[in-house]
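Everything on this sheet refers to the single structure shown next.
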């Protein structure tokens, strides 16, 4: 698995946020406001827990991308978007 940090994810979100709303899901999400971003974060949190439980033991203090997959990545992205 290639190394990809939270800083890389934040830079990707910043770049997408700077683009036009028609071209960027991130921009569209941010334009809907922090309440909508928080709701998306909650949705992804539930999906991440379900994915992790279905794929093996879950430790709440660690993030296991191999167990949470795309749902975990989306959770982190939505968390960073909500913080913007």
* Asked: What nm distance separates the two modelled labels at residue 4 and residue 39, each placed 7 Å from Cα along Cα→Cβ?
  -> 2.7 nm
* **Potential extension, residue 14-residue 32 segment - 0.36 nm per residue separation minus Cα distance** => 4.9 nm
* To do: Pop the C-beta distance of residue 22 and residue 84 into the FRET formula with R0 = 22 Å and round what comes out to the nearest 0.05.
  => 0.70
* **Pair residue 73, residue 46: separation of 7 Å Cα→Cβ label points (nm)** => 2.3 nm
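Every read-out reported here was derived from the displayed coordinates using simple, explicitly stated rules and does not represent laboratory data. A quick note: this is a predicted structure, and the numbers were derived from the prediction, not measured. As a convention, Cβ positions derive from the backbone with ideal geometry for all residues, glycine included, and neighbour counts pool all protein chains shown.
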